[in-house]
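These notes are about the structure you will find just below.
The values are calculated or read from the model by the stated rules, or taken from the named source; none is laboratory data. Because the structure is predicted, anything quoted here is derived from the model rather than measured. Cβ sites come from the backbone with ideal geometry, for glycine too, and all protein chains shown count toward neighbours.
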Ligand code: LER
Ligand code: MN
């Protein structure tokens, strides 16, 4: 398993669970100084920065791009894949496809988190899940052109009412015959929703394709009460060899948080 840390360039997400918010050249440098293998990018839109600029920074700092988040589509542009308005759904899907193509050129998968939306307001649960499955089918196909998967993230109940648990995500992928879709195990959401995080990872088997490595309070591992050991054991048992990515609050400050998290990742993997 490899380490990654979040770089956020979205002003509307300044209070979100992302570690570094400074301009990308400084963010890449900070990630490298702390010894991370990769960065996870949270960008306002696919044209915010060129693929070449990111490639140059990644090469300079010997960093991979672990993944690209799509949440700005929701927090900045108000888009969701389950919006009652078909034009909003279409714009949501286009935004995601553009980020899949942006990330794909960097060998990085894109993530669907908050842009999955919610059911309600005249949209039934069944209708929302149908729209979600249709969008995931298209996203999975687009990602496959770049030989990367598309990552679907179950979120806790306060953020979505669609799918909250890893197991339900796995069943959804299987029932809807979705190809090239993997699940994101965000340990913060799982701490709220799962009876046992390690067991949930075991039960999801090979479906897990990315991990947000957050403690129970969404701070760096070690700042809350999650025990990472059985979780790492479970990830090893399902042959997970992807990223443990620091999508966490920059507390008490970004540098202390980044240092604590990389220490925790190394110690959990040792
Ligand atoms: C995104 O990765 C995530 O975990 C969400 O909680 C953001 O709203
Ligand atoms: Mn997450």
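Identify, from the list 143, 92, the residue that is crowded, with 19+ Cβ neighbours inside 10 Å, closer than 22 Å to residue 39 by Cβ and more than 16 Å from ligand 2 (Cβ to nearest atom). Answer to the selection: 143.
Per the conditions (1) in contact (Cβ under 8 Å) with a residue 12 or more places away in the chain; (2) on the phi > 0 side of the Ramachandran plot, the sole criterion not satisfied by residue 177 is (1). The residue of the stretch 146-159 that is nearest to ligand 2 (Cβ to nearest atom), among those that are touching a residue at least 40 places away in the same chain (Cβ under 8 Å) and either in a helix (DSSP H, G or I) or buried (at least 20 other Cβ atoms within 10 Å of the Cβ) (or both), is 153. Residue 39 - would you say it is within 16 Å of ligand 2 (Cβ to nearest atom), over 25 Å from residue 163 (Cβ atoms) and either modelled with pLDDT of 95 or more or not in a helix (DSSP H, G or I) (or both)? For residue 39, the condition - within 16 Å of ligand 2 (Cβ to nearest atom), over 25 Å from residue 163 (Cβ atoms) and either modelled with pLDDT of 95 or more or not in a helix (DSSP H, G or I) (or both) - is met.
From the list 129, 184, 162, which residue is outside any loop (DSSP other than H, G, I, E, B) and more than 12 Å from ligand 1 (Cβ to nearest atom)?
Working: 184 fails: more than 12 Å from ligand 1 (Cβ to nearest atom); 162 fails: outside any loop (DSSP other than H, G, I, E, B).
After ruling out the rest, the residue left standing is 129.
Counting the residues of the stretch 69-91 that are away from ligand 1 (no atom under 12 Å from the Cβ), over 16 Å from residue 102 (Cβ atoms) and touching a residue at least 60 places away in the same chain (Cβ under 8 Å) gives 1.
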